[in-house]
Structure formats: structure tokens, C-alpha cells
1. When N counts the residues of the stretch B:94-161, how does its alpha-carbon radius of gyration compare numerically with 2.2 N^0.38 Å, as a ratio?
2. Hey, got the dipole for the stretch B:356-504? About the Cα centre, +1 on K and R Cβ, -1 on D and E Cβ, debye to the nearest 20?
3. Once the other residues with Cβ under 11 Å from the Cβ of B:Gly480 are scored (Lys, Arg +1; Asp, Glu -1), what is the net sum?
4. Highest first, please rank the peptides B:20-29, B:71-80 by the mean number of other Cβ atoms sitting within 10 Å of their residues.
5. Within the stretch B:1-140, what percent of beta bridges assigned by DSSP are antiparallel, to the nearest 5?
6. Can you give the % of DSSP beta bridges in chain B that are antiparallel, to the nearest 5?
7. Return a whole-number percent for the relative contact order of chain A, with Cα pairs under 8 Å and 6 or more residues apart as the contact set.
8. If packing is taken as the mean number of other Cβ atoms within 10 Å per residue, what is the order of A:66-75, A:107-116, highest first?
Amino acid sequence: MLLILGRRALSAIPILFVVSLLLFVALRVLPVDPAAMSMPPSATLAEIDAMRSQMGLDRPLLEQYGIWLGQAAHGDFGQSLHLRRPVLRLVADTLPATIELAVAAMLVASVLGVGGGLLLFTLRGRRSELVVETGTTVLMSVPEFLWALLFIFVFGVLLHALPFTGRLDASLPRPDKTGFLLLDAILVGRADVLWSALAHLVLPAVALGLAFAPPIMRVLRSSLLDVYHDDYIRQARLRGLSEGRILWRHALKNAALPMLTLMGVQFGFLFGGSLLIEVIYSYPGLGNLMVDAVRNADLPIIQIVGLTYCVLVLAINTLVDALYVVLNPKLRGR
Amino acid sequence: MILHAESLNVCMGDVPVLRNVDLSLAAGQVLGLVGESGAGKSMIGRVIARMLPAAFAVTGGSLTFDGANLLAMPAERHRALLGRDIAFIPQEPLTALNPVLTIGHQFNEHLKRLGIPHRREAALTALGSVHLRDPAGLLSRYPHQLSGGMCQRVLIAMAFAAKPRLVIADEPTTALDVTTEARIMDVMVELQRAHGTAVLFITHNLRLAARICDDIAVLYSGAVVERGVARDVLAHPAHPYTRCLQLADPPLTGPRRALYALPENMPGLREAMRTKGCRFAPRCLIAVEDCRRIDPPLGPRAACLRTEFTSGIATPIAEAAKPEIGTSAVLEVSGLAKRFATGGLFRRAAFVAVRDADFVVRDGEFVAVVGESGSGKSTLGRLLVGLETPTAGRIMLGGQDVTWPSEAARRHRVATVQMVFQDPQSALNPRRRVADIVTQAMEARGAGHAARRSRARELLAEIGLPEEAAERTPQQLSGGQKQRVNIARALCSLPRLLIADEIVSGLDVSVQAQLLILLARLRTEHRFALLLISHDLAVVRHLCDRVLVMRAGEIVEQGDVGDVFANPQHEYTRELLAAASA
């Protein structure tokens, strides 16, 4: 088990190298001049040139990458050109918000997906199956940003039921301990903060989660259908076990395996999807940081945010692999 | 009567599947239900379990368990019987246990439902009663860590744990090799006697049924055509179908005789519905005009108008003249070994699948490799066709060294040796037409469409398939037809050596006889050598000239089939023969 995790962590290193190189080259090839961007508009060409060589931008690309890599190894990923702060600090400030959102959305997607999958499965062969299936198709064909806008309109503007900007009421103090707002609120024991944070999280998390639920439903349904053709289900019935027990104790654990793979892949996509949602809900996370950086051609930020996404996806994959081993005894030592 | 069926009828839509089936099984008795695939024998188990496939329904008759109406009782009461009073032993032990739960977990769940106290002790006792070693260690293991035989023992232990009054065993040993089969049957009979359980034993193997059953009922096309005391049915079959089944099955002892292959196949359900008179008449050797008009009712023994002529059906005892065997070797294997590395990053271990194999196959010679599962016989076959690379030794094919993979070796190998795989279902691409499948070997040579078509026609004629089969896909063929196509594909470019891995296991005896006769005929026509990997000693004895006996990767005995079977030298060979003839 630990061996598998360790092996996965080791194999992540070359992947990170490749991704960082790709990011670096792609960003340098872009027709953007960081030197010019970092100078006041009144700067002369000579001043910009001086800045360029001071920043090392006139050296060969590979050498630039080497320098960047050397600094990165010491934990220095550079300064934001626009915000004039270390980019690592910026990521550390915004990442918890995004993780909170993504985990909440994944929770929503899992609950809806598993519930819907079970519902679809129990309705198999009945006429009502068609109704539910059409429903999931509608769910699936609406993109998350449309849900986001719809929710703002209905719950925010029309009903005034839920807040739809930021992470917390402006009147409340922001506890600053881990950056994870829900956790911090519990740590400082402020129920009002926790409540407000939750209220702010509901709409973006549901909008994001809703888009990811239907594939989970479908995969769970179809793998349950497959599993029910297997001999051990028939044998369990022949032993006189109840249908409920067969579903929960025998079929679900087997059917969960393909679903888990899908959820791992989706969790990666979810971080990408959070970008739009964060912008729509003015949610101060990694996505908003990224969008601002792109707008300002703030290359160091773009670079580290890209790398952060890469690390996140690799971490999730490793986690899913580990879970897979826990659930599937065939993958444990022979 | 524990189980009693009276004119039970099951239909699929308006097509009859079971017709007026009468069965009675008394407490403590074993009733064998014998028939080929499609005869409806498994349908009776499904009716008892109330697990008929969609569109199937009981349309008449009665079925009682200990006097209670199994067809009409409420679902809850029926479910309460399952596992407790009526237990089932499945056909495929490896897939009948949940792969993600330990044996202990599944046993515990079963015992808990039965309300048995001290479940751990009860499970250990039950596992001990089927002679499984280390029952305590077994509880924490998963099904994939056990062999098929061990899984079946676990399932038998579970079935008998409730001390049921009726056990339904549907082909419980079909998926197992001969030695395991014998041991599993012993275990089942032992428990059956100890508990006085009634057993409904469903099988396609008449010999096996006769060995353990008190009574036998033979099913053909959904109806019982013969019933009686097991010994009598085997010694003096009254229905021509039973007699033909017997003649299709090669004997393990006595003189080698020709096999009788029933023509065609058992009629499909719809086709049978249109048949007037006796449904066996179209395939029957002794049918007369009356047989085609009158559907004979089941008499005291058989449903046949001409039982007195049945014993006259026979096959020639005289051994068919064996085609001559060449003197040159098509395959020479010396010191061949294969080791597989197992274990993780830090615990390296090696599993020796084949060690020090030395043997020769001469031109035109049929050689068998026998041994139980895990003896390395399939690995040997895979080494010979180049699907595995040996760890040591030498393989000479037609005088050329093909031990190590190279382009020249590959070409030579492809031209000299072809393989027929065990499972035609997965060996044939379901998306291609039969004509394309059988001429696959010509594809690589870039043969033209017309040449391939005409070769396909020839091949189909040789394997006895109608010409229009060329345009069908494998799904449209029966199991026996698929295996014929599988053989035709290997024969397409007339290899000097054919390697066949268990090509008749899992087929009905009549289909097996058809294939064995086909192979013998093709041999005289084309003169190729055959290496037959099989666990069925009777088949080996019938078809082959020489036999290699493998155990744990090693060839422990080899020699002429007649000599080895009559006078086995190695203890293991004796064990195998004893298991097969028990």
C-alpha cells in the first residue's frame, strides 16, 4: 500500500519536470514582453532593454529555464509582475479556497451521482426510468456556468435566499489560521462565520457539482447492471439473501470500482471547471488569480498556477489508485 | 417426496421449453438429470429457484417441495427456503463467490442469515468437512487466491452448512479438471450420505451421472425421454438417444472403438415445435414411419415406440486403421523450461511452469499432453507457438531452431505450426464473417479476394458446414460450429503441426464426437501432426498415438497411449487414471 503510494509519488517527479518545461517554453514563446509590462508607460526603450537583461530575458530559453528551476528548487518561484508579491504566497492564499470549493462540489456530485445512479438502477426496465434518464440528460447538457448564472438569478436576485459573491459576509471578521474557511470557523468556534461561509459556498458548489453528477449516475447504473449479470449475484440470491442486502453488500462494492476511476478523472476536471465558477461568484480562489494573471500577462503567476493544477491532478490520481487498491483485493499482493 | 414435478410445462412466449416433465426425488436420494445443452435441464433448477429468464414462464403442471407448492407460495416464503432448505451448487465456482469479499465474510453472512450460533466455529467445521486444508487461514482469503476446486469446495461447504433437505448441483464439475472433478464428486457424495440430503444432479455427462446417482432422467428437447435406475440406464439404455450419447462418449477402458456422432444438432425450440411425432426421429437410426407421426408418451422406461431395437445400435469395435506416422520429427523439444518471475519489487520469486521438457512429435503423429490444471501443459503449448519465450532449452520445428524470437523464426513458425484455442467464443472475432476468419492466414500473404473465397468454400466443406455459413458471423453459429471454424482457421494454410488446447472440453458429448471424428478424418486427408492439450483421458485415448503426462511443470511419463493407459509407470499417471475411471 505505502509502496504503491511511494512509487506513484516517485513517478510524479518526471511528469512535473515535463509539465514545468512545457509551461515555461509556452509562456516564453508568447508575444508578451514581461519587461515592458513591469515598467511604467513612460519608460524609454533603453530602460526596457536594461530591465530585460536584468530579468535574464535576453538569454537562451534553456538557460532561462535552468535559472528558474534552480530558484524553484529553493522555493523561489518568482515575484508577480503586477501584484509585486511572491507568487508562492499568492497561491498559498488562494488555493485553500479553491480546494474547499472543489471538495464541496465533488461532495455534491458524489451524493447526487450515487443517489441518482441507484435510483436509475432500481427503476431499470420500468417506464419511469425514461423520465429520470431524460432528466439526467438535461442535467448533463447544461454547462456549469449556466447553472451558476441561473442560481444567481433565482436564489440571489429573485428570492434573496443566498449570497452569491465572495466567501464571507463583509461584516464578519475572517479567521486566518489554515486558509480553509470552514475549518477555521470551527477552530475559532464562530458559528456565525461557519454559517456565512457555508451559505456562500452553497451556490457555487452546487452549480459546479451538478454538472459533474450525471456521468457518475450513468457509470454507476451501467456497472451495476453489469455486476448483476455476474454469477456471484445469482449465487447470493440462491442463498436466499434479500435484494437489499445483495445491492448494498454485494453489488455496490464491485460496481464502485469503475465509478471511482471516473470520479478521479472528474475531480481533476473539476479544478478546471472551478475557474469559471470562481469568476462568476467573485470567489477569491486560484481561478480568479489565474484569470487576473492572464489579463495582466503575469507570467510567473500563470506558471505557478499551471504547476499547481498539475500537482493537484497527480495527487488526486495517486489517491484514487490507493483507494482502488483498498477496494479491489485482486490488486493487493498476490 | 422431497421434490415432485408433475407434467411441468415451461414456455418462452408460445414456444415450449419443457414439456410435461415428471420427476420425483425422495429424501436422501440422488437424481441425475442428463441432457445436452438446450435440452432444458438447467431450466428445472431455474424453476425451483424462480429465476426463469425474461419471457419464460411456467404454463402448466405442478412442482412441490416436501408437499409445498413451489410455484404458488408467496415470494417471502420461497426466499426463506433458498439457502436453508434448498441449496444450490453452481457451475462456475471461480465466479460464484464475490471477488471483493473474503471467504470468511461470505460464510459469515450466510450462517448469520441461517441463524447459526458460534459462526466462526461452524464455518471452520463446514470447511473441514469438505477436506480443505487450513480452514482458519482460508477465512481471510479472497476467491481469486483460491483454485477452482477450492472455490467449489467452499461453495459445497456453504450449501451443506444449513443441512438442507435438497441440493441442486448444476454441472458442478464441468469447469474443473479430471482429478479435481473426482475429488469434488467424492466430497459431495460424502456430505450427501452423511446428511441424507436429496440431490438433483444436473449434468451432460452420462457416465458421471451413473456413478453417483440412484436414478437418472434423460432429457431431450425439453422432455424426459428415458428414466430409470442409474445402473440400468447405463447398462441397457432403452431410448435410442441415450444409447447414442453412450456411443458418442469414448470409453476409458476396453477396446478402442469408433465413436457414433449424432447427425446435426438437437433441434432449436421453434424448429422442434414444428416437428410432428417423436422429436428425436430425424436423428434416429431406428426410426420408422410411425415415429414421424406419433409423439410417443413416456412409458415405464422410455418415450420410444421401438425400445426393443435400441440395443441393436452399435459402432464397430475394430480400431480404425491408423494412418502411418512419418519417421522425421516435425517438433523436437529438448531441455525446455519456463520460469515466471512473481512477487513484488523486493520479494523476487520464480514460478517454474515448465521444466526440462524433452520430447519429439513426428510427422503425422497425434500426441497428447495430459495433467491437471496448473501442471504447465498450456504454458508448454504457448511456448511452442511462440506466445511465450522460454527461459532455457531448444525448440526445433521441422529441423529449424525457433527457440528465440527472430523474424526468420517467426515466419518459419507461422508456416509450420498453428494453434487452436480452447474457447471459440473469444478466439473468433465477433465482427468478422466466417469466410474472413477461416482464411486469416492468407491475409498476411496478400491473397486476393477470389482466392480467399474459394479457399473458404473448400474449408467449410471440409469441416462440414454449409456454404452459406461463410457469410455469417460467429454469433450466428452454435458452440460446436464455432469450434469447427476455429479448427478450419488453423488448417487454412495446411500446417505440419497443429497445437490444440482443450478444444473439446465444455462441449456436449455428441458435439465432441463430431469434432473427434472430424479431426481423425482431416488427419487422413491432410496428414498433419497434432499436439492435443487435454485433461480428458478418454478423449486422449481415443484420438492420440502417444501421450505425455505432466505434473508441476515436469513430464513424468511419456509413451504409447495404449501402453501408458494399460500399464502406467508413474504414480501420478496411475492417480490420473484412477480419478478418471472412478
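Every number in this text was worked out from the coordinates using simple rules, so none of it is lab data. Only a predicted model underlies this, so the values are computations on that prediction, with no experimental measurement involved. When we count neighbours, we look across all protein chains shown, and the Cβ atoms used for this are built from the backbone with ideal geometry, even at glycine.
1. 0.97
2. Its charge dipole is roughly 580 debye.
3. -1
4. B:20-29, B:71-80
5. 95 percent
6. 55 percent
7. Working: 350 pairs, mean separation 89.2, N = 334.
The value is 27 percent.
8. Details: A:66-75: 11.9, A:107-116: 19.0.
Listed from highest to lowest mean packing, they are A:107-116, A:66-75.
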